[in-house]
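The values are calculated or read from the model by the stated rules, or taken from the named source; none is laboratory data. If you're wondering where the values come from, they're calculated on a predicted model, not measured in any experiment. Every residue, glycine among them, receives a Cβ derived from its backbone with ideal geometry; neighbour counts consider all protein chains shown. These accessible areas exclude ligands, DNA and RNA; they are computed on the full protein's heavy atoms, side chains included. Shrake-Rupley method; radii C 1.70, N 1.55, O 1.52, S 1.80 Å.
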Amino acid sequence: MDKKYSVLFILRSFIIFLAPFLVLGLLTGAFWLCLALGLIVLMAWHYHHQLKLIRWLWQSRTLLPPSAPGSWSYIFDGIYRTQRRSQKRRRDLARLLRRFREASEAIPDAAIVFKSDGSLLWCNKLAQFYFGLKWPGDSGIRLSNLVRDPDFVRYIQQAEFGDDITIESPVRDDLELEIRVMPYSEDQYLLIARDVTQLKQLEQMRKDFVANVSHELKTPLTVIQGYLEMLEDPANVPAPMLQKAVADMGAQSQRMRNLVDQLLALSRMESPAQDLFELTINVPHLLSNIETEMQQLNQDKQHELTFSVAPISMHGRESEIRSAMINLVANAIDYTAPGGKIQVTWRPVGDQMEFSVKDNGPGIANEHQHRLTERFYRVDDDRNSAKGGTGLGLAIVKQALDHHHCHLHIDSVYGRGSHFYFRVPGELVVQQPGSARQRMRHSNV
Ligand code: ADP
């Protein structure tokens, strides 16, 4: 309170106000009448300002107080100051609340604030998306009535929030949410939900991968172990049997070696691709090397193997593109019956380049085609394990092509043959001056 405004000040103002009435009373001899008159005027003056105060507080839209003399100026100024202070506090609070909401919208998780009785107080947009909540529409409604998942309802009702739970989103298919709840303020809780769908899928893939590798290694190891047991007493093993045992063990160890090589190739390809445009692959030279290598592979089956190669290079990682091409040509050689016809082509299509391998082998039934690039996927286990296949070849091709923004197309008719091809985007094709695109190199094996 202002120092000036003391009891003494009130008394002094009171006397100053009444003084003229008292003097008039003494002069006229009507002292009491004049005193009463003075008091009535004083009361009317106070009522007048009381009315002003009420009108200002309840009817006026302005925050500025009306002018008033004496003690009333103190009252009006005091109220005005208090109002200003609370208005500033309200503004600060609103700013804080806005910042909190902006921050909670910025976090990549869904956030819900609820009371200890389970009723919803507030939620961010992601929570509305994950749980199908509406805010402020649903505020005050119990969470267990809004999200009906039995595990979630139990979790909220038991209010033991030591562990996380994982539930499926009630409104989005295939979305798994990991939920954590922590005390927020006196009787409020903060619920954070995270999308763990991909994590779970990765975990499943990792488990499948380990199971597949173990399975693939188990078969050759069992065969080798069986022969080794038999060879514990070599004197009793007839010579032809011994020969077969050595040949089988050789084939099985080759199979394991293939598997390990392919796993290593896959893991090498998982490292992030460097800038493709800095590297150039001389594709005609690469294909001429591949052709020599494939001639070796073709010796048993004696297919008619044709290479048509346009003299055009591309940007990319040679080891990966080589792997992709070799896998496609080797598959055609392996899966086609002896004396088949296989055409390998590298040719321009518009501003793109196309690599294609066409064979007249057994073809692949429709239902298998979309799964061929999955790791360890094989059409026919017996046929392929005899061939030594691991089911990783086309997964390697896909990975290599993904790094080069290419897509593997499979065009196959069961019983008639297969056509595997991919197109290199124009940006990765090395444009040559005076383009020699038309002059293709043809060779037959
Ligand atoms: P694998 O190591 O078994 O050859 P891949 O991933 O290379 O594994 O191939 C997956 C499956 O696709 C093979 O098991 C095979 O059944 C089928 N396949 C691939 N290429 C051909 C082809 N040219 N003709 C027929 N079937 C093929």
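Summary of computed values
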read-out	value
Residues of the range 107-195: accessible area per residue with a 1.4 Å probe, Å²	55 Å²
Average Cα contact separation per residue, the chain, under 8 Å, 6 or more apart, as relative contact order %	10 percent
Computed label-point distance, nm, for sites Arg268 and Tyr184 using a 7 Å Cα→Cβ extension	5.3 nm
Segment Ser67-Ala159, length gained on full extension (0.36 nm per residue, minus Cα span)	27.3 nm
Chain lengthening between Val430 and Arg81 when straightened (0.36 nm per residue, less Cα-Cα)	117.9 nm
Fluctuation leader among Leu217, Leu263, Leu33 - the chain, Gaussian network, Cα springs under 10 angstrom	Leu33
Fluctuation leader among Asp411, Asp261, Asp163 - the chain, Gaussian network, Cα springs under 10 angstrom	Asp163
Net length gained if the chain between Lys88 and Gln201 were fully extended (0.36 nm per residue, minus Cα distance)	35.6 nm
Positive-end residue, the range 186-298 charge dipole about Cα centroid, Cβ charges, pick of Thr219, Asn282, Gln204	Thr219
Helix runs (DSSP H) in the chain reaching 30 Å along axis by Cα, Kyte-Doolittle at least -0.5	7-28, 31-58, 197-230, 239-269
Efficiency of FRET from Cβ geometry, Leu297 and Ile410, R₀ 22 Å, rounded to 0.05	0.55
Inter-label distance, nm, simple model (7 Å from Cα along the C-beta direction), Leu221/Leu175	4.3 nm
Accessible area of the range 333-412 divided out per residue, in Å², using a probe of 1.4 angstrom	45 Å²
Residue-averaged 222 nm ellipticity for the chain, from DSSP H runs of 4+ at -39500 (n - 2.57), nearest 500	-17000 deg cm²/dmol
Gap separating the Cα centres of the range 1-49 and the range 178-196, nearest whole Å	66 Å
Portion, in percent, of the accessible area of the chain that falls on carbon or sulfur, probe 1.4 Å	55 percent
Label-point separation, Asp261 to Asp334 (7 Å along Cα→Cβ), nm	1.0 nm
Over 27 Å between alpha carbons, listed pairs Lys207/Lys358; Lys341/Lys398; Lys52/Lys88; Lys207/Lys244	Lys207/Lys358; Lys207/Lys244
Heavy-atom accessible area ranking, 1.4 Å probe, most first, across His285, His409	His285, His409
Solvent-accessible surface (1.4 angstrom probe) belonging to Met205, in square angstrom, nearest 10	120 Å²
Once exposed loop GluC sites (Glu not before Pro) are cut out (DSSP; at most 11 other Cβ, 10 Å), longest piece of the chain	271-445
Global form of the range 107-195, assessed from the alpha-carbon gyration tensor, a/c cut-off 1.5	rounded
Residue among Pro238, Pro150, Pro348 with the largest mean-square fluctuation in a Gaussian network model of the chain, springs linking Cα atoms under 10 Å	Pro238
Virtual paramagnetic centre 7 Å along Cα→Cβ of Phe209, amide N under 14 Å, in the range 388-412	392, 395-396, 399
